[in-house]
Amino acid sequence: MLSGVPTCLVMAGGRGERFGNPCKFMEEVCGERILLRLLHQLDELCRWVVIALSPRTLDCARELCRELHCLVLPGLGYVEDLSAVLPALRKPVLVVAADLVASSQVLRYFVKRSLELAGGGIGVVTAVRVGRGAEEPVGLSMFFDEGGPWENVEFASGLGDVDTREDLESLRRSCGQGVQQSPRPS
């Protein structure tokens, strides 16, 4: 575990409108369900992992709540639900969208870089994917404060999020090309 990251918050309460299913994080990429893969990766980085669900996603993740800390939030939206729970969590908090597919190396680099930036007074760090002429947030942030100066960390590859069925198929095709299976906890 990297020092300085007491809490990981997995945001798993979305509507899944573009995908057509709010439980898209239970789809498989590289032979593993997206959320389970992510949880294995976060075990290496965080002291505690909390999953934020909504009434729409509770049923598909209920089994995980027997072993992990789960919260059921209203499901009003990513920003609204995050704003409701973030003040109650000990900082820093690594916030990860449940539909994020990333290599373990990218996640470790993001945490390390975020901790470095926090030393320079940055309050929030967000990962963005570069491409198509603009930066696109992918659902990976580190909060050291509720607000304050904000910094983006750019990635050209090694992470993606599942917003649509096309995103899912693209990530499935990338298996073995930078999006490897996550290590299993021992």
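No value in this document is a laboratory result; all are computed from the given coordinates. Since this is a predicted model, take the numbers as computed values, not measurements. Because the Cβ atoms are built from the backbone with ideal geometry, glycine has one as well, and the counts that use them run over all protein chains shown.
How far apart, in nanometres, would the label points at ASP145 and ARG18 be if each is projected 7 angstrom from Cα along the Cα-to-Cβ direction?
3.1 nm
For region 7-173, what is the Kirkwood hydrodynamic radius in Å, using each pair of distinct C-alpha atoms? Provide the component values of the computation, followed by the final result.
Values: mean 1/r = 0.0625 Å⁻¹.
Roughly 16.0 Å, rounded to one decimal.
Please state the charge dipole magnitude for region 45-178, taken about the Cα centre, from unit charges on C-beta atoms (+1 on K and R, -1 on D and E), reported in debye and rounded to the nearest 20. Working shown, then result.
Numbers: 14 positive and 18 negative charges, 93 e Å.
Using Cβ point charges on Lys, Arg, Asp and Glu, region 45-178 gives about 440 debye.
Search the structure for amide H atoms under 5 Å from the amide H of LEU9, placed 1.01 Å from N in the peptide plane, and list their residues when 5 or more places away or on another chain.
Those lying under 5 Å, H to H, from LEU9 are VAL50, LEU94, VAL95, VAL96.
As an exercise, identify the trypsin sites (Lys or Arg not before Pro) in region 79-164 lying in DSSP coil whose Cβ has no more than 11 other Cβ atoms within 10 Å. Walk me through the intermediate numbers first.
Values: sites: ARG90, ARG108, LYS112, ARG113, ARG129, ARG132; in loops: ARG90, ARG132.
Here the sparse-neighbourhood loop sites are ARG90, ARG132.
Looking only at GluC sites (Glu not before Pro) in DSSP loops with at most 16 other Cβ atoms within 10 Å, what is the longest site-free stretch of the chain? Could the numbers behind the result be given before it?
Numbers: sites that count: GLU17, GLU44, GLU67, GLU146.
Here the longest segment lacking exposed loop sites spans 68-145.
Quick one: 3J(HN,Hα) in Hz for region 142-153, Karplus 6.51/-1.76/1.60 with θ = phi - 60°, rounded, Gly and Pro as x.
10, 10, 9, 9, 6, x, x, x, 10, 9, 9, 10
Can you give the convex hull volume of the alpha carbon atoms of region 23-101 per residue, in Å³?
97 Å³
Where in the chain are the DSSP H helices whose C-alpha atoms run 15 Å or more along the long axis and whose mean Kyte hydropathy is at least -0.5? Walk me through the numbers before you get to the answer.
On the way: long enough: 104-119 (23 Å, 0.08).
Result, helices passing both filters: 104-119.
Whole-Hz ³J(HN,Hα) for each residue in region 51-65, computed from phi via Karplus 6.51 cos²θ - 1.76 cosθ + 1.60 with θ = phi - 60°, x for glycine and proline: what do you get?
Karplus values, whole Hz, x for Gly and Pro: 9, 9, 10, 9, x, 6, 10, 4, 4, 6, 10, 3, 4, 5, 6.
Return the distance in nm (one decimal) between the two label points of a simple spin-label model at GLU63 and CYS175, each offset 7 Å from Cα along Cα→Cβ.
Roughly 1.9 nm, to one decimal.
Please list the non-local residues whose amide H lies under 5 Å from the amide H of CYS70, H modeled 1.01 Å from N, same-chain partners needing a gap of 5 or more.
ILE51
Magnitude of the Cβ-charge dipole of region 82-139, K/R +1 and D/E -1, about the Cα centre, nearest 20 debye?
180 debye
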